[in-house]
There are 2 protein chains.
Amino acid sequence: MSISSFQAPQRVLMGPGPSDVPQRILDALGRPTIGHLDPQFIVMMDEIKELLKYAFQTENALTLPISAPGSAGMEACFVNLLEPGDKAIVAVNGVFGKRMIENVQRCGATAIAVDQAWGTPVDPDAVEQTLAAHPDAKVLAFVHAETSTGAISDAETLCGLAKRHNCLSIVDTVTSLGGVPLYVDRWKADAVYSGTQKCLSCTPGLSPVSFSDAAVAAIKARTTPVQSWFLDMNLILGYWGQGGKRAYHHTAPVNALYGLHEALVALQEEGLENAWLRHATMHQALAAGLEALGIEFVVKAGARLPQLNSVYIPDGIDDAKVRGLLLEKYSLEIGAGLGDFAGKVWRIGLMGHSARRENIELLLTALVDAFGQQGLTLDLDIALKAVADAL
Amino acid sequence: MSISSFQAPQRVLMGPGPSDVPQRILDALGRPTIGHLDPQFIVMMDEIKELLKYAFQTENALTLPISAPGSAGMEACFVNLLEPGDKAIVAVNGVFGKRMIENVQRCGATAIAVDQAWGTPVDPDAVEQTLAAHPDAKVLAFVHAETSTGAISDAETLCGLAKRHNCLSIVDTVTSLGGVPLYVDRWKADAVYSGTQKCLSCTPGLSPVSFSDAAVAAIKARTTPVQSWFLDMNLILGYWGQGGKRAYHHTAPVNALYGLHEALVALQEEGLENAWLRHATMHQALAAGLEALGIEFVVKAGARLPQLNSVYIPDGIDDAKVRGLLLEKYSLEIGAGLGDFAGKVWRIGLMGHSARRENIELLLTALVDAFGQQGLTLDLDIALKAVADAL
């Protein structure tokens, strides 16, 4: 056995995440490693918390990155808020709602699913009926931005319903954070989790979370220990507590946090509203270009996530061949369909640093080429003109 | 609020981890991010598994890095092997044995502690008596290299005892992997977990694990689901399965894995036995230097971990002042005492790339300076000569 160093190719990432990581963030990752108890590291931890509060639009003290990917952030929310025997209502309109159900069940709690058609937003009426039918439910969980379908749900209304029915809300904001308006405090969301590799344009591996005072009170009122030692927010809070004295919990992923810090500084520089606007604008341009090619969106206008565009694969076009050509000839990645959408849909990401005009133009060029090789001849100029007109 | 980019200082890391990270690994971290389903990424994942098998000295197919720090690797072992109502015997001779007890309890299982004095290895006789007294135990868990004390235990004998008493063994190898002899297959260890930021000299954040066929059979024979979705080895195996078709589980921490790959390539280049020898040699040199200064080890000779040297703080010396001076004047980090040893002990790491003569000489120089400032005058030349003589 003799294995050499891995030389990563330079890709253009237009899938469901990771998104393109700017050089400044890659540079930050490679800075010298310091100890996780170093006074300078603790200053950086405090700064990350402040920057995350801005990104989430919250004053929640318990706002920090979990030292593991978004799926661990999801689990952190469920294992901390639920105890065996509790009941949680879960809206399911894609892969990640389904995953929430599994999390509830593994907590020894009961999951009541509100099933919705894939590609549609969560229907508040259906949720309200279910809340009314289950007055003993403790939690309402839903996905703000379904990465598997590209549909956005009305998180403000759903969090309001949760409050009115005396439930804590758990909101998946993995793909929404930094890409579309998200107001944790204004919407009174109780527990939110996200990822770093989507609209923050950082590398994958960390999960920013935020817990409201009501969520913290529920954690403190538990009569059973949190089943996960690694994800027990009581312990994590002791580690990430403000400045000075901290209780050792685990060894923080030091260099990954350098990267997140830099990504959040970049977001602060751009301004959150500007970042949202950029995603919206680039989405309009991409949509104009795709529609000029006759490609149809899965999600109806008005419910589309700007940063995750699900489109139907045109009839007669070979899914794998197109994605293969894009990757090999253009070093361009788009996402395959997931779950119910496998083989039927492509997921085109415009997340973070990937939400740029040059990426859109490259994608349209590559698609026209790939379709042409399968006998479907389309007019690239019309598509590029539609993009230009939309900007 | 306006927060600037974080400029990490250049430290010399001689604490309990992270250790000094070589530039080639930092460079690898900053390579372009690619998708976690990219064919080239999958090749890299397969290489990491091969390299980890070498590091662990195992042919276990289920050998891979968990996408979270060592404490999550610990939890992965317990939640996969234990079900509610099971019984686990846990040897406790430091902080991490205690943490194992917590993990057992959070699985709804019963923990039988074999308590040992801190700073001593686990006593096989005490373990065997406990195994004999609890024939219904399913698991024997212990720490190979206790990072909180610097004691090494006889993992081969303990794993053998587990087998003879029909138990699965769970072995904490966080600090041992790459630093001292570790033979997962020869010793018949069933579930081992480690960390990247110790003797592999990589950044913190990942936890290599390996499960024997017997451990996999136990996981398959479970009658209850693994309580953690994120750490369910059934699902993780589908994601890390060999080549080709993989089931989406989470988004792998792409750049962190670049770093681990590079660290493991470096280990392969040096050779595992050479790495063990280097740690042993540097430990002898450090011990000679410290003893020349009259500093006493916590652990008796023969049971000392070369990579983690616990020493008593000399009478009348102010712990925090010394560590503060080392950090501020020499940019040198050593570890404080943990748990029962807080305030009484320093933990001096010689892990991975930190296990170098120049680091040892810097540390001795800094300690003599710091002691001198507190009125304890020692002869640096004698200490440096002892180091030279030992090499």
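In this structure the amide hydrogen of A:Ser169, modeled in the peptide plane, comes within under 5 Å of the amide hydrogens of A:Leu140, A:Asp190, A:Ala191, none closer than 5 places in sequence on its chain. Each peptide in A:90-102, B:137-149 gets a packing score, the mean of other Cβ atoms within 10 Å over its residues, and the list from highest to lowest is B:137-149, A:90-102.
Remark: for residue pairs B:Lys344/B:Lys385; B:Lys98/B:Lys344; A:Lys163/A:Lys198; B:Lys163/B:Lys344; A:Lys53/A:Lys344, the C-alpha separation exceeds 31 Å in B:Lys163/B:Lys344; A:Lys53/A:Lys344. Here the Karplus curve 6.51 cos²θ - 1.76 cosθ + 1.60, taken at θ = phi - 60°, turns the phi angles of region A:224-240 into couplings of 10, x, 4, 5, 9, 5, 5, 9, 6, 5, 4, 6, 5, 4, x, 7, 9 Hz, with x standing for Gly and Pro. Over region B:1-98, the alpha carbon radius of gyration divided by the compact-protein estimate 2.2 N^0.38 Å works out to 1.49.
Sorted from greatest to least, the principal axis extents spanned by the alpha carbons of the protein assembly as shown come out as 81, 50, 50 Å.
What is the calculated FRET efficiency for A:Thr365 to B:Asn234, with r their C-beta to C-beta distance and R₀ = 51 Å, to the nearest 0.05? The value I calculate is 0.75.
In region A:317-391, the C-alpha radius of gyration followed by the widest Cα-Cα span (Dmax) gives 12.7, 35 angstrom.
Note on A:311-321: average number of Cβ atoms from other chains within 10 Å of each residue's Cβ is 0. Taking A:Cys202, A:Cys107, A:Cys77 in turn, the Gaussian network model of chain A (Cα-Cα springs below 10 Å) assigns the largest fluctuation to A:Cys107. Legend: mean number of C-beta atoms from other chains within 10 angstrom of residue C-beta atoms, peptide B:66-76, equals 5. For region B:163-246, what class follows from the C-alpha gyration tensor (a ≥ b ≥ c being the square roots of its eigenvalues): rounded when a/c is under 1.5, otherwise prolate if a/b is larger than b/c, else oblate? Since a/c reaches 1.5 but b/c is at least a/b, the shape of region B:163-246 is classed as oblate. Label sites at B:Arg246 and A:Gln373, each approximated as a point 7 angstrom past Cα along Cα to Cβ, lie 2.4 nm apart. Which values of log₁₀ I(q)/I(0), to two decimal places, follow from the Debye formula for region A:254-381 at q = 0.12 Å⁻¹ with a uniform point scatterer at every Cα? Reported log10 I(q)/I(0), two decimals: -0.51. From largest to smallest, the equivalent ellipsoid semi-axes obtained for region A:198-251 from the alpha-carbon gyration tensor read 22, 16, 13 Å. Listed by chain and number, the aspartates and glutamates placed with their C-alpha closer than 14 angstrom to that of A:Lys49 are A:Glu59, A:Glu262; residues fewer than eight positions away on the same chain are left out. Bin width 10 Å, origin at 0, all Cα-Cα pairs of region B:179-318: what percent of pairs per bin? Values per bin, smallest distances first: 9, 27, 30, 19, 11, 3, 0.
Can you bin chain B into rounded, prolate or oblate? Criterion: square roots of the alpha carbon gyration tensor eigenvalues sorted a ≥ b ≥ c, rounded for a/c under 1.5, prolate for a/b above b/c, oblate for the rest. Please list the in-between numbers first.
Numbers: a/c = 1.96, a/b = 1.32, b/c = 1.48.
Here chain B falls in the oblate category.
Mean partner shielding of peptide A:230-240, defined as the number of other chain Cβ atoms within 10 Å of each residue Cβ, is 2.
Sorted by average packing, counted as other Cβ atoms within 10 angstrom per residue and highest first, what order do B:45-51, A:152-158 take?
Details: B:45-51: 19.4, A:152-158: 21.6.
Ranking the peptides B:45-51, A:152-158 by packing returns A:152-158, B:45-51.
Please give the Cα centre distance for region A:233-274 versus region B:200-248, rounded to the nearest Å. So the separation of the two Cα centres works out to 27 Å.
Here the Gaussian network model covers chain A, with springs between Cα atoms less than 10 Å apart; of A:Ala252, A:Ala126, A:Ala285, A:Ala126 fluctuates the most. Between region A:318-391 and region A:83-148, how many Å separate their Cα centres? One Cα centre to the other: 33 Å. Compute the acute angle (0 to 90°) between the alpha-carbon long axis of helix B:357-373 and the principal axis of greatest extent of the alpha-carbon atoms of chain B; round to the nearest 10°. Its long axis makes an angle of about 50 degrees. Less than 5 angstrom separates the built amide H of A:Ile317 from none of the residues sequence-distant by 5 or more or on a different chain.
Please compute the net charge surrounding B:Arg24, taking Lys and Arg as +1 and Asp and Glu as -1 over other residues with Cβ under 14 Å from its Cβ. Walk me through the numbers on the way to the answer.
Details: positive: B:Arg31; negative: B:Asp20, B:Asp27, B:Glu262, B:Glu269, B:Glu270.
My count for the surroundings of B:Arg24 gives -4.
Note that region A:31-43 has calculated 3J(HN,Hα) couplings of 6, x, 6, 10, x, 7, 10, 4, x, 6, 5, 5, 4 Hz, one per residue in order, obtained from phi through the Karplus relation 6.51 cos²θ - 1.76 cosθ + 1.60 (θ = phi - 60°); glycine and proline are x. By the beta-carbon count within 10 Å of each Cβ, the least crowded to most crowded order of A:Lys188, A:Lys300, fewest first, is A:Lys300, A:Lys188. In chain A, the longest principal axis of the Cα atoms and the axis of helix A:124-133 are about 30 degrees apart. As I understand it, the value is the acute angle between the Cα axis of helix A:70-81 and the longest principal axis of the Cα atoms of chain A; what does it come to in degrees, rounded to 10? With rounding to tens, the tilt is 30 degrees. Farthest towards the positive end of the charge dipole of region A:259-301, among the residues A:His261, A:Ala301, A:Gln284, is the Cα of A:Ala301, using unit charges on the Cβ of Lys, Arg, Asp and Glu. Sequence-distant contacts, meaning Cα pairs under 8 Å at least 6 residues apart, place the relative contact order of chain B at 23 percent.
Quick note: the coordinates plus some simple rules give every number you see, no bench work behind them. A quick note: this is a predicted structure, and the numbers were derived from the prediction, not measured. Positions of Cβ are generated from backbone atoms using ideal geometry, with glycine treated the same way; all protein chains shown enter the neighbour counts.
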